[in-house]
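Peer 1: Quick one: the structure is below, and I'll ask about it shortly.
Coordinate-derived values only; no laboratory data. Only a predicted model underlies this, so the values are computations on that prediction, with no experimental measurement involved. With ideal geometry, Cβ positions are generated from the backbone for all residues, glycine too; neighbour counts draw on all protein chains shown.
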Ligand code: ZN
Ligand code: FE
């Protein structure tokens, strides 16, 4: 399996889909669980305490099976936003494990069983390490990204995808661009886990708007071979996304020239890219 070169040298050593994140304080095991047609749930497990978190809960049965296979008991569910393909499994998981459900305060009432409503001011921890809440509205109005600085991981839900970004359903181009900019300000070696396996189709669009980008061409080769082998394209690294993802590159001269937006603001270039992608 590939070493994805995270800040703390992310390794695969507990099975084909799980990787170990050693940090100064705690060591977490990460498992990426495919759910529904193209969603992911990420499981984080802390062997010392037994604490186990799910980031989003698309499908209770798939998540229960993944936990049982590993002998883990779910203690926390971190929810990025209220859409059903991220929350549909919460009720059954809560009933089975009694896990604590954490999610954006701004979407209270739209997320089942929400017990810990959070905002950027919240002091959250998981397995002894801080979990920062970053407001990333645009896809939905309360969407949040969870960032674990000690492990160098961010869970971006449907805001930042590999080679793409989420559709703007409840916000506007300016707020979505600000959200992506907040994620882009994290360290380049942050491992990015997002809510969907959309990388291949995102990459086809990216190549249309920036065909001269060598890093993008190389990433697409990698993505094509991973998908052909039935493997995930995640996690990706933030630095790699900044070099390849057109939605993080509105400053690119080539993209601006192609769109005829040389003098526009970054958010306007971003907004035009998002409109074009909606029609692609
Ligand atoms: Zn969504
Ligand atoms: Fe989604």
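Peer 1: With a point put 7 Å past each Cα toward its Cβ, work out how far residue 135 is from residue 64 in nm, to one decimal.
Peer 2: Result for the modelled spin labels: 3.8 nm.
Peer 1: For the Cα atoms of the chain, what angle does the longest principal axis make with the long axis of helix 199-209, in degrees from 0 to 90, nearest 10?
Peer 2: 20
Peer 1: Taking neighbour counts of Cβ atoms within 10 Å as a proxy for exposure, in what order, fewest first, do 190, 80 appear?
Peer 2: Details: 190 24, 80 29.
With the sparsest Cβ surroundings first, the list reads 190, 80.
Peer 1: Could you work out how far helix 173-184 tilts from the main Cα principal axis of the chain, as a 0 to 90 degree angle to the nearest 10?
Peer 2: Once rounded, the angle reads 60 degrees.
Peer 1: Something else: Restricting to the chain, what percent of DSSP beta bridges are antiparallel, rounded to 5? Please list the in-between numbers first.
Peer 2: Values: 32 of 45 bridges.
Just about 70 percent of them are antiparallel.
Peer 1: Between residue 265 and residue 218, how many nm apart are label points set 7 Å from Cα along the C-beta direction?
Peer 2: 3.4
Peer 1: When you count, for each residue, the other Cβ atoms within 10 Å and take the mean per peptide, how do 64-77, 224-237, 112-125, 139-152 rank with the highest first?
Peer 2: 139-152, 64-77, 224-237, 112-125
Peer 1: Nearest 10 degrees, 0 to 90: what angle lies between the long axis of helix 60-70 and the longest principal axis of the chain (Cα atoms)?
Peer 2: 70
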